[in-house]
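*Asks:* This structure is in structure tokens; I'll ask about it shortly.
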Amino acid sequence: MLERFTYLTTHWRRVIALAGALAAVGLVGAGCGSDSDSGGDDGTPAQASTAGGGSGGLEGGLDIAGKEVLFIHSSDSGNPFDVPVVSGSDAAAKLTGLKVNTQFSDGDTTKLRNLFQSGISRKVAGIITAVPDASLNKQLCEARRAGIPVIVWNINGATGEGASCVMAYVGQDFRTTGSVIAQRMVDEGKIQQGDRVFCPVEYPNFSYATERAAGVNEVLEPLGTKCDVLGVGVDEAKSRSTESQYLLGHRDTKAVIGLGGPSQSVVLAAIKQAGLKDVAVGGFDLSPKIVEGIKSGEITATVDQQPYSQGFMSVMQLALYLKYGLFPSDIPTGGTGLIDKSNVELVESLVPDYR
């Protein structure tokens, strides 16, 4: 079994190195253009965007300018969650000179595996990928045997040997944060003994959904209830309709916890469409609609997982590894922080490009 290179004891040393690099070049915004192409499930580029490719601002070490890094998203390009992710990865590409090739797998794990395999075949310099489930285990290790470093971002469903082939994970602890948002709603009296709780989510079989639901249910179990998980996808109109139909069929629903940003963004509209009142709402991530819901008091709180950091730090860590041989570390982005009415104004102007 390959050794998993996640040397947490050297984390701060690498943070200092990164800070020095940023200080040398200044914080540069995203840019450098993008292009798109059409492709299919055979792993050919689809909805691709590229950023970087310049000389970069990292001095010394090996020359990494123009080297291709494949950055695979589990969702589609229309998911608002991915906007700050791409902003972050593009900014890091500009700083480092790497060419970041962004691909969207549209919630299709087969397409994601094909995109990943295409990266191995092209012998890219590195791969940054979401891993929705264990089906990518074999290819994760295939990449490592081919000398291609792999960093997992946002979702890490790798198991067994596959997990050992991942150099680092940049993302959230889903079970813990599921517990955090559920506990907040219980503490405020929004969920009580025996209440029906609805948990819509984009992709119910992805590990982020199962883990967040597990964390929510750990808090709800002593109250004699659990959340009803329902897949609603990422299309806004379809998600709103699906959530509304659930609420029409379960008019005793007392609370909704959206297990993802897109699913939470349409909750208030779905509640209104269903003609319900006094339904408490909480969930994950940020969007303009979630911000407005928090400001109005209709949304109790949301877990902030800071997707810009996931895009930026994944690319930066891979750049430091390729240039200086500095091994990446696991980075738990967002921690257990909540955005609520007391602090929402601090992030409002940063949504959606940076938060």
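*Asks:* Residues that are in contact with a Leu (Cβ under 7 Å, 6 or more places away or on another chain): list the helices (runs of 4 or more DSSP H) wholly contained in segment 239-329 that include at least 3 such residues.
*Replies:* By residue number, 267-274, 307-324.
*Asks:* Has segment 226-244 got any residue that is crowded, with 24+ Cβ neighbours inside 10 Å and within 17 Å of Asp195 (Cβ to Cβ)?
*Replies:* Yes, segment 226-244 contains at least one residue that is crowded, with 24+ Cβ neighbours inside 10 Å and within 17 Å of Asp195 (Cβ to Cβ).
*Asks:* Only one residue in Gly337, Gly275, Gly293, Gly231 is over 19 Å from Ser89 (Cβ atoms), under 18 Å from the mean Cα position of the chain (by Cα) and at pLDDT 95 or above, so which one is that?
*Replies:* Testing whether each residue is over 19 Å from Ser89 (Cβ atoms), under 18 Å from the mean Cα position of the chain (by Cα) and at pLDDT 95 or above leaves just Gly231.
*Asks:* Is it fair to say Ser118 is more than 19 Å from Gly334 (Cβ to Cβ), in a helix (DSSP H, G or I) and touching a residue at least 12 places away in the same chain (Cβ under 8 Å)?
*Replies:* Answer is yes for this residue.
*Asks:* OK, next. Counting only residues that are surrounded by fewer than 17 Cβ atoms within 10 Å (Cβ to Cβ) and part of a helix (DSSP H, G or I), how many does segment 187-213 have?
*Replies:* Qualifying residue count for the region: 1.
*Asks:* Still on this structure, I have one more. Which is more than 13 Å from the chain's Cα centre (by Cα), in a loop (DSSP other than H, G, I, E, B) and aliphatic (A, V, I, L, M), of Ile148, Ile181, Ile127?
*Replies:* So the residue among Ile148, Ile181, Ile127 that is more than 13 Å from the chain's Cα centre (by Cα), in a loop (DSSP other than H, G, I, E, B) and aliphatic (A, V, I, L, M) is Ile148.
*Asks:* Please work out which residue is surrounded by the fewest Cβ atoms within 10 Å (Cβ to Cβ), limiting yourself to segment 51-72 and to residues that are farther than 16 Å from Tyr321 by Cβ and at pLDDT 95 or above.
*Replies:* It comes out as Gly66.
*Asks:* Have a look at Ser121, Ser105 and point out the one that is of a type in the set (Gly, Ala, Ser) and surrounded by 22 or more Cβ atoms within 10 Å (Cβ to Cβ).
*Replies:* Checking each option against the conditions leaves just Ser105.
*Asks:* Considering segment 200-215 alone, what residues qualify as being out of contact with any Lys or Arg (no Cβ under 6 Å at 6 or more places or on another chain), more than 15 Å from Gly233 (Cβ to Cβ) and touching a residue at least 40 places away in the same chain (Cβ under 8 Å)?
*Replies:* Within segment 200-215, Ser207, Arg212, Ala213 meet the criteria.
*Asks:* Something else now. What are the residues in segment 73-84 that are touching a Phe, Trp or Tyr at 6+ places or on another chain (Cβ under 6 Å) and at pLDDT 90 or above, if any?
*Replies:* Those that are touching a Phe, Trp or Tyr at 6+ places or on another chain (Cβ under 6 Å) and at pLDDT 90 or above: His73, Pro84.
The values are calculated or read from the model by the stated rules, or taken from the named source; none is laboratory data. Worth saying up front: this structure is predicted, and the values here are computed from it rather than measured. Neighbour counts run over all protein chains shown; Cβ positions are idealised from the backbone, glycine included.
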